[in-house]
Amino acid sequence: MKKHTLAIHGGYAPDAETGATAPPIYQTISFAYQTAEELSEVFAGTAPGHVYTRITNPTPYALEQRLTKLEGGVGSLVCSSGMAAITCVVAGLLRTGDHVLSTAGIFGGTVSLFKNTFGRFGVETTFVDAADTEELANNLRKNTKLIFVETIGNPRMDVPDIPAIADLAHQAGIPLVVDSTLTTPILIQPKNWGADIVVHSTSKFINGHGNSIGGAIIDTGNFSWSDGPFEDIRELAKKAGQLAFLAQLRNLIYRDLGCCPAPFNSFLTLTGLETLPGRMDRHCANAQQLAEFLQKHPKVCWVNYPGLPSSPFYARAQKLFDGRGGGLLTFGLGNRNAAFGFINATKLAQNMTNLGDAKTLVLHPASTIFHEFGLDEQKSMGVSEDMVRVSVGIEDFDDIRDDFAQALAQT
Amino acid sequence: MKLSINGKEVETNGSQTVTELLKEQKVKWPDMVSVELNGTILKRETFASTKLTEGDKVEFLYFMGGGCVTN
Ligand SMILES: Cc1ncc(COP(=O)(O)O)c(C=O)c1O
């Protein structure tokens, strides 16, 4: 099956008992068993079964199966948020004294998670320019246990050379973790470019309607857990094979951290996922047209969108993302006042800290999601005072363009 | 053919491969199962091509109960 079909049919067939075509919401904490023997078999791992929603539940499980199919992976785990997904991956692989090698210019929350939160537990992170694969290689250490990249850095909009970085990781014997939130499985299957683990904030394009926070981890099956530098997972691989990492998360880290999603959120995310392929086509087409419109506008100083030939990442984005540039762009208006003026003048576009919604959203990153970082740090993260970030929605393009034109006229 | 599945002797009904056996045994969550054949963990992509023979020892293992992995 191909992507449009998988998004609708993948991993869930009408419920055998009732025929329900939408995956039912199992709004329960626990699952009862007839006998003590049956429940003990589930705990022993010799029989399948849902036991407790913090570990598994049929509604999130349906979402996991669909995401596994869309990513071409061996299995998935869905989480309460994108941050929970990244937390699980890092906590599942690293120990105190280990090191993360990450690209810079990524989502500020992830930077904070690596630097501040994991920093407290003695895990150090180095952030390197995503454009500079050589510099990434130079910053590999003996204790580096994973490389982390975003397919399109949010908000720096740079596109790392994923296949080259995957080679680098594999030469070092460590996994490459790819946050594909901005691209979704519709623009890229990171598995095909060498990635080992894919993470998503499903809160964004996958849910697509701004109504459910969520995250996902997909094991692509590329990494051989029986050989890696992770002793506990190596041991587990003797029993769990390719599912060793997911088993370690499910039965230890994910279970202990309590990262599970609410079944209702998984239901809404599954509903959103059905239309993801069609929405992504439209997000990309609208973003492309808006980028071209802004680039020609006399009040706009610069536009950063990987779908524009002026982007240094244009050729790579075309290659990796099947000829598309995604649904997010940034542009500059010269100074903070102009950026604020523009945001205040928009009528259709809404001012909020989200992206990937069906609606067009605008944001001033420097004073909001990046306000905790100093000016120098903001600069290295690709954030400037005059920058407006746009998550281009799927409204009629003419309406988006008219709204931007009237707001720019007032700026 | 006779197989040992999770330590129990089972007479199968025509299954020739691991994929067919998963279907025949109505394994409910095939995405969550690891399959061990005669002591070796199988790669998932080989389920369809791995042939079964009389007397094989098959273990289906699940990691969804939340049992501690470290003990
Ligand atoms: C690229 C990226 N990764 C991860 C996250 C975190 O996701 P969540 O808000 O679902 O925790 C975000 C949120 O903006 C994001 O943009």
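The values are calculated or read from the model by the stated rules, or taken from the named source; none is laboratory data. In this text the structure is predicted, and so the values were computed from the model without any measurement. Because the Cβ atoms are built from the backbone with ideal geometry, glycine has one as well, and the counts that use them run over all protein chains shown.
Among the numbered criteria (1) more than 9 Å from chain A (Cβ to nearest Cβ); (2) at pLDDT below 90; (3) part of a loop (DSSP other than H, G, I, E, B), which one does B:Lys23 miss?
In the conditions (1) more than 9 Å from chain A (Cβ to nearest Cβ); (2) at pLDDT below 90; (3) part of a loop (DSSP other than H, G, I, E, B), B:Lys23 misses (3) alone.
Could you list, in sequence order, the residues of the range A:233-267 that are away from every other protein chain (no Cβ under 11 Å), surrounded by 20 or more Cβ atoms within 10 Å (Cβ to Cβ) and closer than 22 Å to B:Glu36 by Cβ?
Residues satisfying the conditions do not exist here.
When the residues of the range A:367-392 are filtered to those that are within 16 Å of the ligand (Cβ to nearest atom) and within 24 Å of A:Gln288 (Cα to Cα), which remaining residue is surrounded by the most Cβ atoms within 10 Å (Cβ to Cβ)? It would help to see each step written out before you state the result.
Of the residues in the range A:367-392, the ones within 16 Å of the ligand (Cβ to nearest atom) are A:368-373, A:381-383, A:387, A:389-392.
Then drop every residue that is not within 24 Å of A:Gln288 (Cα to Cα), which leaves A:381-383, A:387, A:389-392.
Numbers: A:Met381: 23, A:Gly382: 22, A:Val383: 24, A:Met387: 23, A:Arg389: 24, A:Val390: 25, A:Ser391: 26, A:Val392: 28.
Filtering first and then ranking leaves A:Val392.
Of all residues being part of a loop (DSSP other than H, G, I, E, B) and within 16 Å of the ligand (Cβ to nearest atom) in the range A:326-354, which is surrounded by the most Cβ atoms within 10 Å (Cβ to Cβ)? Just the residue, please. Can you show your working first?
So the first thing to find is which residues in the range A:326-354 are part of a loop (DSSP other than H, G, I, E, B), and the list is A:326-327, A:333-335, A:346-349, A:352-354.
Right, trim to within 16 Å of the ligand (Cβ to nearest atom) and you get A:326-327, A:352-354.
Values: A:Gly326: 29, A:Gly327: 33, A:Met352: 14, A:Thr353: 11, A:Asn354: 15.
The qualifying residue surrounded by the most Cβ atoms within 10 Å (Cβ to Cβ) is A:Gly327.
Which ones in the range A:356-388 are closer than 24 Å to A:Gly210 by Cα and not in a loop (DSSP other than H, G, I, E, B)?
A:Leu361, A:Val362, A:Leu363, A:Pro365, A:Ala366, A:Ser367, A:Met387, A:Val388
Here is a list of conditions, (1) more than 11 Å from chain B (Cβ to nearest Cβ); (2) in contact with a Leu (Cβ under 6 Å, 6 or more places away or on another chain), and A:Met280 meets all of them except one; can you say which number that is?
(2)
Could you grab me the full set of residues in the range A:77-106 that are in a loop (DSSP other than H, G, I, E, B) and within 12 Å of the ligand (Cβ to nearest atom)?
We begin by selecting, within the range A:77-106, every residue in a loop (DSSP other than H, G, I, E, B); these are A:80-81, A:94-98, A:104-106.
A:Ser80, A:Ser81, A:Gly105, A:Ile106 - these are the residues of the range A:77-106 that are in a loop (DSSP other than H, G, I, E, B) and within 12 Å of the ligand (Cβ to nearest atom).
Starting from residues that are in contact (Cβ under 8 Å) with a residue 40 or more places away in the chain and farther than 30 Å from A:Gly341 by Cβ, keep the ones in the range A:282-317 and report whichever is nearest to the chain's Cα centre (by Cα).
This residue is A:Ala317.
With the checklist (1) in a loop (DSSP other than H, G, I, E, B); (2) over 15 Å from the mean Cα position of the chain (by Cα) in hand, flag the one item A:Glu37 doesn't pass.
The one condition A:Glu37 does not meet is (1).
Answer yes or no: is there a residue in the range A:42-57 that is away from chain B (no Cβ under 12 Å) and among the aromatic types (Phe, Trp, Tyr). First the steps, then the outcome.
Taking the range A:42-57 and keeping what is away from chain B (no Cβ under 12 Å), we get none.
Checking the range A:42-57: not a single residue is away from chain B (no Cβ under 12 Å) and among the aromatic types (Phe, Trp, Tyr).
Please indicate, with yes or no, whether at least one residue in the range A:77-93 is within 11 Å of another protein chain (Cβ to nearest Cβ), under 20 Å from A:Leu270 (Cβ atoms), in contact (Cβ under 8 Å) with a residue 60 or more places away in the chain and under 23 Å from the mean Cα position of the chain (by Cα).
Yes, the conditions are met somewhere in the range A:77-93.
Can you tell me which of A:Lys142, A:Lys191 is away from the ligand (no atom under 16 Å from the Cβ), surrounded by fewer than 24 Cβ atoms within 10 Å (Cβ to Cβ) and touching a residue at least 40 places away in the same chain (Cβ under 8 Å)?
A:Lys191
Taking the range A:158-182 as the region of interest, how many residues are in a loop (DSSP other than H, G, I, E, B) and within 16 Å of the ligand (Cβ to nearest atom)?
Here is the first cut: in the range A:158-182, the ones in a loop (DSSP other than H, G, I, E, B) are A:158-161, A:172-175, A:180-182.
From the residues that got through so far, the ones that are within 16 Å of the ligand (Cβ to nearest atom) too are A:158-160, A:180-182.
The qualifying residues number 6.
Condition (residue is among the aromatic types (Phe, Trp, Tyr), over 26 Å from B:Lys43 (Cα atoms) and touching a residue at least 60 places away in the same chain (Cβ under 8 Å)) applied to the range A:110-122: is it met by at least one residue? Let's see the steps before the verdict.
As a first pass, look at the range A:110-122 and keep what is among the aromatic types (Phe, Trp, Tyr): A:114, A:118, A:121.
Now restrict to residues that are over 26 Å from B:Lys43 (Cα atoms): A:114, A:118, A:121.
Filter once more, so that each one left must be touching a residue at least 60 places away in the same chain (Cβ under 8 Å): none.
Scanning the range A:110-122 turns up no residue that is among the aromatic types (Phe, Trp, Tyr), over 26 Å from B:Lys43 (Cα atoms) and touching a residue at least 60 places away in the same chain (Cβ under 8 Å).
How many of the residues in the range A:204-232 are more than 20 Å from A:Glu395 (Cβ to Cβ) and either within 13 Å of the ligand (Cβ to nearest atom) or within 14 Å of chain B (Cβ to nearest Cβ) (or both)? Explain how you work it out, then say what you get.
Going residue by residue through the range A:204-232, those that are more than 20 Å from A:Glu395 (Cβ to Cβ) are A:212-232.
Keeping just the survivors that are either within 13 Å of the ligand (Cβ to nearest atom) or within 14 Å of chain B (Cβ to nearest Cβ) (or both) gives A:212-227, A:230-232.
Count: 19.
Going by what's in this entry, would A:Leu270 be described as away from the ligand (no atom under 14 Å from the Cβ), surrounded by 24 or more Cβ atoms within 10 Å (Cβ to Cβ) and touching a residue at least 60 places away in the same chain (Cβ under 8 Å)? Spell out how you get there, then give the answer.
Values: away from the ligand (no atom under 14 Å from the Cβ): yes; surrounded by 24 or more Cβ atoms within 10 Å (Cβ to Cβ): yes; touching a residue at least 60 places away in the same chain (Cβ under 8 Å): yes.
So A:Leu270 fits the description; yes.
Please work out if A:Leu136 is more than 14 Å from chain B (Cβ to nearest Cβ) and within 16 Å of the ligand (Cβ to nearest atom). I'd like the intermediate steps shown before the answer.
Values: more than 14 Å from chain B (Cβ to nearest Cβ): yes; within 16 Å of the ligand (Cβ to nearest atom): no.
Taking the combined requirement at face value, the residue does not satisfy it.
Looking for whichever is within 16 Å of the ligand (Cβ to nearest atom), closer than 24 Å to A:Val111 by Cα, in contact (Cβ under 8 Å) with a residue 60 or more places away in the chain and not in a helix (DSSP H, G or I) here; the options are A:Pro185, A:Pro155. Which one fits?
On the way: A:Pro185 fails: not in a helix (DSSP H, G or I).
Only one candidate passes the filter, namely A:Pro155.
Residues are listed down the side, and each one gets a yes or a no for (1) closer than 22 Å to A:Cys260 by Cα; (2) surrounded by 13 or more Cβ atoms within 10 Å (Cβ to Cβ); (3) without any contact (Cβ under 8 Å) to a residue 60 or more places away in the chain:
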| site | (1), (2), (3) |
| --- | --- |
| A:Lys3 | no, yes, no |
| A:Ala13 | no, no, yes |
| A:Thr18 | no, no, yes |
| A:Ile25 | yes, yes, no |
| A:Thr35 | no, no, yes |
| A:Glu41 | no, yes, yes |
